[in-house]
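The values are calculated or read from the model by the stated rules, or taken from the named source; none is laboratory data. What you are looking at is a predicted structure, and each value in this text was computed from that prediction instead of being measured. Note: ideal-geometry Cβ built from the backbone for every residue, glycine included; neighbour counts use all protein chains shown.
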Amino acid sequence: MSREPVRRSRVEWLVAALFGLTALAGVGLLLVYVLGGQTQVEGVLLAIALGSLGVGIVLWAQDLMVTPVVVEERHPYGSDPVIAADLDATLDEEAGFTRRRLLVGMLLTALAGLAAALAIPVLSLGPAPGRELFTTAWRPGKRLVGADGTPIRATDIPIDSLVTVFPEGDAGSADSQTLLIRVPPGLLRLDPSRASWAPEGYVAYSKVCTHAGCPVGLYRASERKLICPCHQSTFDVLTGATPVFGPAARALPQLPIRLQDDGTFVADGDFPEPVGPSFWNQTS
Amino acid sequence: MTDRPRSDAGATELDRLIGWLDERTGFAEVARGALRKVFPDHWSFLLGEVALFCYVVLVATGVFLTFFFAADSRPVTYDGPYVPLRGAQVSAAFDSVMRLSFEVRAGLLMRQIHHWAAVVFVAAIVIHVCRIFFTGAFRRPREINWLVGFGILVLALAAGFTGYSLPDDLLSGTGLRIFYSVAEAIPFIGPWFAYLFFGGEFPTVELLGRLYVFHIMLIPALMIGGITVHLAILWIQKHTQYPGGRARETNVVGRHFWPGQVFRSTGLFLLTAAIIAVVGGLVQINPVWVYGPFVPFAVSSPAQPDWYIGWLEGALRLGPNWEPTILGVTIPSLFLPGIVVPTVLFGGFALWPFIEARLSGDHREHHILQWPWQAPARLAIGSAVLTLFVVLTIAGGNDVLAVFLHVGVEELTQTLRILAFVAPLIVAAIAYRLAIERRRRDAEEEQ
């Protein structure tokens with residue numbers, strides 16, 4: 001017991017010093033800010049200011065305060081049954097809910113009608129999904145252009161490479177983004193009905209992943225597979241971008257294209273199926 | 001009564017202020033009761049406090065950020081000091097985040113503290129929930145506060161996701177695109193819901209403004225309401241306590257709210273803020289200038305969300321490529337991992353106190369906590385869910401992990417698909433076994 005006062009005053013000094021450090025760090029932070037600011041130094045000084053204040057306060061509580069352990073009784077939660085019954089009576093009988101069934105019924109009907117009317121503005125938040133889920137900006141005769149809007153020429157694409165294309169006038173479009181890939185012509189094994197869709201080994205698929213809609217941005221040229229970087233769905237370019245691995249279940253829709261005499265490409269129509277992830281009413 | 005003299009000799013300024021207030025409100029009696037309230041001491045009771053303090057840091061830094069951020073997707077040309085992006089077409093929102101990061105003094109510090117605080121906030125909530133779960137603190141009469149807490153956790157996730165999406169960088173744009181696709185997979189109303197929320201087909205100009213309203217107004221307002229109710233119920237019901245010592249079901253053993261608990265909690269607040277400040281100052285987070293502005297036809301790879309979204313991303317990555325068409329209705333492959341799995345997990349989570357009471361038949365009140373091994377079945381189920389969470393989170397980074405481990409993504413994904421089912425069962429069995437043994441040892445020692 002005799003040593004107690006000595007220790008206490010030491011802690012008191014320490015706490016005082018910590019509070020002083022907070023003040024210093026605060027002034028330092030102010031200086032750094034005025035001199036132009038520096039993120040790392042600001043963070044460290046702020047942490048010192050807050051931290052030494054925090055340590056000081058905790059030490060104060062732990063060592064300089066008498067905080068005995070005490071016992072408090074709990075009380076039961078439920079109210080006195082008489083009071084509960086009285087609440088029930090007050091709520092119900094004075095307003096007459098149980099006696100006036102008709103009015104209660106009509107009141108609820110009124111509230112339901114009002115709620116419906118008040119909820120209607122929610123529908124203003126967006127248009128009803130119509131045909132645009134099923135279509136893109138591709139139309140027969142639309143020229144294939146790059147992200148900067150300039151037409152893509154067959155000679156721009158070396159074998160086993162690819163370029164992102166858009167319909168002319170819609171460069172950068174999210175749902176019309178398409179990959180134009182050049183593979184050696186003999187390798188393609190497309191459905192016979194689509195034989196004319198890929199002239200001279202140039203084949204075009206929607207770039208919107210059929211799994212979760214990410215742009216299918218990776219191409220493994222050695223295997224001729226497209227890979228979606230989001231969830232690793234993998235599509236075989238040679239067989240019509242059919243899914244061969246990962247969570248995607250549908251092939252990337254293929255865009256029918258024609259090679260023009262001037263070396264540019266045009267679309268022969270829109271994608272035959274909706275692009276992007278599937279949705280419930282997709283087949284309707 | 002009205003002019004009772006309060007200014008006795010020796011009265012301090014504080015006495016006078018209290019007197020002034022008490023004469024007008026009678027608050028002294030309430031305040032005295034509050035200051036004398038008893039709170040049990042245990043380190044694990046501080047986890048919820050850490051979450052609360054993170055929320056304070058989030059509001060403080062967030063208010064600062066709102067003074068600079070522009071929720072505007074109109075295109076502008078970037079001409080700020082970050083040379084690699086100079087001349088690039090970016091949205092006004094991205095531009096404002098760049099300005100905040102490079103030109104506003106202490107702006108980057110505030111941004112990084114805000115983001116780190118969000119990361120720690122959700123972590124603190126999750127660990128707090130684990131403590132509540134494994135010690136049975138949710139049992140009657142505290143089911144009600146479990147539900148409120150569940151609401152706060154969902155709000156925290158929503159706040160995190162909306163905040164992550166605001167800078168309009170490539171990473172957040174990819175996240176939104178996936179969110180839109182998952183929304184489309186909601187049975188039957190999916191496309192309608194997605195169109196109402198986004199304002200049309202992705203991407204829309206309305207979206208940023210809407211996310212902003214959610215992030216800085218609707219979610220924080222609900223969260224403040226939720227936290228207030230959470231704490232009020234805690235206050236009214238009194239805290240639980242661990243067994244041992246003088247603790248009984250009928251009492252609370254601890255220290256008075258004032259001064260010990262108030263001082264310790266204030267210290268804890270300052271230390272929490274200090275740690276977030278130093279991390280926010282020294283450790284870069286979400287460098288949007290590296291990702292670049294959002295363009296719908298590009299994607300950053302590898303793309304990783306914040307940690308608490310990783311398990312949802314992992315579920316999508318492990319999802320089977322099933323897309324059956326039944327009676328002319330296509331069930332999207334996203335439906336199972338994107339809608340069913342989260343609904344089942346969150347639903348079971350929210351209703352757990354009622355499920356457990358039904359299964360165990362224990363409907364009594366409990367104020368003494370259990371050690372995790374005292375309820376082996378609960379420990380097993382909780383460990384299984386946590387294991388699933390870990391496997392899915394790992395799956396959310398399968399591409400990065402595959403490179404790191406020098407294995408193919410395909411093999412790793414297949415392995416993780418199996419692990420998602422097997423690992424939780426194994427962990428549950430081990431946890432159950434250990435708990436039973438520990439319980440038996442405890443019983444033997446008591447004899």
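A:VAL208 meets each of the listed conditions (1) more than 14 Å from chain B (Cβ to nearest Cβ); (2) among the aliphatic types (A, V, I, L, M); (3) out of contact with any Phe, Trp or Tyr (no Cβ under 8 Å at 6 or more places or on another chain) apart from (1). Residues in segment B:401-447 that are assigned to a helix (DSSP H, G or I), hydrophobic (A, V, I, L, M, F, W, C) and closer than 22 Å to A:PHE235 by Cα: B:LEU401, B:ALA402, B:VAL403, B:VAL409, B:LEU412, B:LEU416. Give me the residue from segment A:128-151 that is more than 16 Å from A:ILE257 (Cα to Cα) and hydrophobic (A, V, I, L, M, F, W, C) and, out of that set, surrounded by the most Cβ atoms within 10 Å (Cβ to Cβ). The qualifying residue surrounded by the most Cβ atoms within 10 Å (Cβ to Cβ) is A:LEU133. In segment B:240-284, the residue that is surrounded by the most Cβ atoms within 10 Å (Cβ to Cβ) out of those that are touching a residue at least 60 places away in the same chain (Cβ under 8 Å) and charged (D, E, K, R) is B:ARG255. Among the residues of segment B:27-49, the ones that are of a type outside the set (S, T, N, Q), within 14 Å of B:ILE132 (Cβ to Cβ) and touching a helix residue (DSSP H, G or I) at 6+ places or on another chain (Cβ under 7 Å) come to 4 in all. If you go through segment B:336-386 and pick out every residue that is over 30 Å from B:ALA185 (Cα atoms) and among the hydrophobic types (A, V, I, L, M, F, W, C), you end up with 10. Quick check: is even one residue across segment B:259-272 under 30 Å from A:LEU64 (Cβ atoms), in contact with a Cys (Cβ under 8 Å, 6 or more places away or on another chain) and within 12 Å of another protein chain (Cβ to nearest Cβ)? The answer is yes; a qualifying residue exists.
Of the helices (runs of 4 or more DSSP H) lying entirely inside segment B:1-116, the ones with 3 or more residues being of a type in the set (Asp, Glu) are found at B:13-25. Annotation note: of B:LEU334, B:LEU316, B:LEU312, the sole residue that is surrounded by 14 or more Cβ atoms within 10 Å (Cβ to Cβ) and under 18 Å from the mean Cα position of the chain (by Cα) is B:LEU312.
Taken over segment B:143-195, the criterion of being in a helix (DSSP H, G or I), more than 8 Å from chain A (Cβ to nearest Cβ), closer than 20 Å to B:PRO337 by Cβ and aliphatic (A, V, I, L, M) is satisfied by B:VAL154, B:LEU157, B:ALA158, B:LEU176, B:ALA183. If you check B:ARG86, B:ARG140 for being among the charged types (D, E, K, R) and within 14 Å of chain A (Cβ to nearest Cβ), only one passes: B:ARG140. Could you grab me the full set of residues in segment A:39-87 that are more than 9 Å from chain B (Cβ to nearest Cβ) and in contact with a helix residue (DSSP H, G or I) (Cβ under 7 Å, 6 or more places away or on another chain)? Within segment A:39-87, A:ASP63, A:LEU64 qualify. The condition of being over 30 Å from B:ARG74 (Cα atoms), part of a helix (DSSP H, G or I), more than 7 Å from chain A (Cβ to nearest Cβ) and of a type outside the set (Phe, Trp, Tyr) does not hold for B:GLY209.
Taking (1) in a loop (DSSP other than H, G, I, E, B); (2) among the aliphatic types (A, V, I, L, M); (3) assigned by TED's automatic domain parsing to the domain that holds A:GLY149 in turn, A:VAL165 satisfies each apart from (1).
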